[in-house]
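The values are calculated or read from the model by the stated rules, or taken from the named source; none is laboratory data. As the structure is a computational prediction, the values presented were derived from the model and not from experiment. For accessibility, only protein heavy atoms count, side chains too; no ligands or nucleic acids. Shrake-Rupley method; radii C 1.70, N 1.55, O 1.52, S 1.80 Å.
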Amino acid sequence: MNVSADQSTTGSALIAASGILPERVIQAMFAAQEISAAQPPVKGQIQPASLDLRLGTVAYRVRASFLPGPDIKVADRLEQLKLHTIDLQDGAVLETGCVYIVPLQESLALRPDISATANPKSSTGRLDVFTRVITDNGQAFDTIPAGYTGPLYAEISPLTFPILVRSGSRLSQIRFRRGQSLISDADLEGIHKSETLMSGGNERIGGGVQLSIDLEGEGPGSLIGYRAKHHSGLIDVDLVGAQDPLDFWEPIYRRQNAELILDPDAFYILVSQEAVHVPPDYAAEMVPFDPLVGEFRVHYAGFFDPGFGHAGAGGVGSRAVLEVRSHDVPFIVEHGQTIGRLVYEHMAERPATLYGEGIGSNYQGQALKLSKHFKAST
């Protein structure tokens, strides 16, 4: 890899290529204080192409979601909108139907050529917890402009289940990039021929890899999804495998027709028909809402790390789990219907470790699967 002579050996200067920055560079960004935190990163916090963000010590319940806008700090808007302050050091419950703002432990001092994008973690999205990252002077959610210096905040709104969180809980993740990294459809066609980006299903490329919904399952009577129950118990976001799925979810079984009516008041976990592959030199993101295929959201947690679905990392047959919520009206989806798009980006450098390679990856090789908080179905 060519690194220009005037670049130092710290932080993002360790890499010169355009693309998504790998874990090695994220670690160096901590050392160079391009990423700062009171505590060093913990095991598993740095993923192959992303960084988990940790909640700070307090949460502010606010009257409404907001973007600060140009020349306005989040802290100033909080003074106007906060209802009360919640101490997170010993844990606290965030209730459904409420909006909270939490200062994150990590803050940034990005170089002028480095920008970032945030998203909920996969496990967060599968709990129907609406989470977005905001910045000082921010004019868009989950978008950190190149050269940003300042704090990060998480907006958190549990929509179905109340959640127990604490300082250090990780609900969001961030991905850093240099320059333009998005891969065109023409290039995706070539990559698909050599790497097989999706298999089974419709296998279409257009605005990214198109994914369709699997409502056939293994045939009539087989499990095809889950519908969340309202008025359920509490979920501790830091406990793995602690909950009985039937206390929180209603299984959905295929009947005669391979179709499903989405209730606008309900949240569903469904699965793609296609198996997805993210080769080691690429990263991918699910487009969370596409009005061209219907008025519903198909994914809260959009990042797919390098190696997801990769045979060498134990991921053959990994499918995309869909976190589905219809908007405004009931909507019928049928088996094989296009329900979302997976857009791919170049990595600036192949990561040393891939998703699923002994780093605590919870969803490698997945089919239809609830979040890690639930016991495995029997």
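A few comments on the model shown:
- Residues with amide H under 5 Å from that of A320, placed H, sequence gap 5 or more: S272, V276
- Pairs exceeding 29 Å between alpha-carbon atoms, taken from K121/K375; K43/K375; K43/K229: K43/K229.
- R24 - accessible surface, heavy atoms, 1.4 Å probe, Å² rounded to 10: 90 Å²
- Amide hydrogen proximity for H373: with H placed 1.01 Å from N in the peptide plane, the residues at 5 or more positions away or on another chain lying under 5 Å are G241.
- Structural descriptor for region 65-186: relative contact order 37 percent, calculated from alpha carbon pairs under 8 angstrom and at least 6 residues apart.
- Estimated translational diffusion coefficient (Stokes-Einstein, Kirkwood radius over Cα pairs, 25 °C, 0.890 mPa s) of the chain: 115 µm² per second.
- The chain, relative contact order in percent, only Cα pairs under 8 angstrom and at least six apart counted: 19 percent
- Karplus-derived HN-Hα couplings along region 221-227 (A = 6.51, B = -1.76, C = 1.60, θ = phi - 60°), whole Hz, x at Gly and Pro: x, 8, 6, 10, x, 9, 10
- Amide H contacts of K121 (H built 1.01 Å from N, under 5 Å, at least 5 apart or other chain): S172, Q173
- Over the chain, dividing the summed -39,500 (n - 2.57) contributions of all DSSP H runs of at least 4 residues by the number of residues returns a 222 nm mean residue ellipticity of -2500 deg cm²/dmol.
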